[in-house]
1. Could you compute the net charge surrounding GLY85? Neighbours are other residues with a C-beta less than 11 Å from the C-beta of GLY85; K and R count +1, D and E count -1.
2. Assign unit charges at the C-beta atoms only (+1 for Lys and Arg, -1 for Asp and Glu), then state the dipole size of segment 148-292 relative to its Cα centre in Debye, rounded to the nearest 20.
3. Can you tell me how segment 48-199 classifies by the Cα gyration tensor, rounded, prolate or oblate, using a/c under 1.5 as the rounded cut?
4. Under 15 Å Cα to Cα from LYS80, which aspartates and glutamates show up? Leave out anything in the same chain fewer than 8 places away.
5. What is the list of residues in segment 198-240 whose amide nitrogen lies under 20 Å from a point 7 angstrom out from the Cα of GLU188, following Cα to Cβ?
6. How far is it, in nm, from the label point at ILE296 to the one at ARG275 when both lie 7 Å from their Cα along the line to the Cβ?
7. Tell me, what % of the accessible area of segment 60-105 is carbon and sulfur with a 1.4 angstrom probe?
8. Ignoring ligands, DNA and RNA, what accessible area per residue does the chain give at 1.4 Å, in Å²?
Amino acid sequence: MIGKAAAVVLAAAAATGAVILASGARDAAPATEQPTFSTATVERGELSDRVSQSGTLTYRARSDGSPYSVINQALGIYSKLPSGGDRIDCGEVLYRVSDNPVLLLCGSTPAYRSLAKGDSGPDVAELNANLVHLGYATRRQIGPSLQDFGSETESALEKLQAKLGEAQTGLLPLGRAVFLPEPVRVAEVAGQLGGSAQPGSQVLSATSDTLEVQLSLDPSQQDQVKAGDRTQITLPGNTVVAGKVDRLGRVAQAPAGQSSNAGSATITASISLDRPQQARGLDQAPVQVEITTRAIENVLSVPVTAIVGSSEGGFAVEAVRAGGRRDLVSVKLGLTDSADGRVQVAGDLRAGDRVVVGSS
């Protein structure tokens, strides 16, 4: 970290015209002269190392940021379709094919077969969990194992079908339900109202109803950021909200047209908002994210423009002593807070001391 801090400090000093080399203390200025140099205060407090990155505020979906794909398994005509932005809860009708409802049920195993009494498996467990959640049965009635389609599952399914105005068959044919991990917000509809519904075709894409920020970390940032890092997110209108890194993608992706350049590959990072309601009404909005990757407390710091290079090697600051005397004080550098333009220092300094910044 010292090497990084030194590089940042030297670059900042050069850009602002700070003295790069110094060999000793300067002569004390006459007491009657006014100082012709700028000073800053040595402060004690917290410093943070941060990554600044632009991102997009959107709705959470898969871990890689892509939306859920809703695959139709029914055969007929699309007679009712949702609109983009519609919110569908588990147990509600997602769309209709030839006026038959296709339910949204919550679960990670996609529908791949018709379900009836005597069946068993993870898809049956998901059906049973939904029937219990929706109040058509209790866990005690279903039995100790959710994996089995028994009489109570059949009875609960008949109650659900009665509410929907459907024939009470106690069966769940393939194509009459879609399983997705959570309640959804419709992102885009691919099916056409009145168009042909074919098994295996995508009817719509959807996300969760939870806002998050998605951004792409470049190679220089990927080793710094980790899940759980705190963030500050600047929304359109300069509203600042808090969040944290929720998850990081596992697969690096090269930008379009740069597939052969591994060094340009990025990794998706997803940022959750502490209070998503603060960003309601925004979608696909550009935002700026500050990710705190490291923080230290109770350390001395000075502006990076106060750092000068010593002819003996290393770094120093010019401390302004009583009577205006300027002493060269050797310092060791630590964490650089690039956002605030300050760097951690250790040397013969105290909080409240004044140091020269910029050129004299």
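1. Values: positive: ARG87, ARG185; negative: ASP86, GLU188, ASP209, ASP283.
Summing Lys and Arg as +1 and Asp and Glu as -1 gives -2.
2. Numbers: 11 positive and 16 negative charges, 46 e Å.
In debye, rounded to 20, segment 148-292 gives about 220.
3. On the way: a/c = 2.39, a/b = 1.38, b/c = 1.73.
It is oblate, given that a/c is not under 1.5 and a/b is not larger than b/c.
4. List returned: GLU92, ASP99, GLU188.
5. Residues 198, 200-216 fall inside that zone.
6. Going by the 7 Å Cα→Cβ label model, 3.3 nm.
7. 43 percent
8. 50 Å²
The values are calculated or read from the model by the stated rules, or taken from the named source; none is laboratory data. Everything numeric in this text was worked out from a predicted model, so none of it was measured. Ideal geometry is used to build each Cβ from the backbone, glycine not excepted, and the neighbour counts take in all protein chains shown. Heads up: the accessible areas ignore ligands, DNA and RNA and are worked out on the full protein's heavy atoms, side chains in. Shrake-Rupley method; radii C 1.70, N 1.55, O 1.52, S 1.80 Å.
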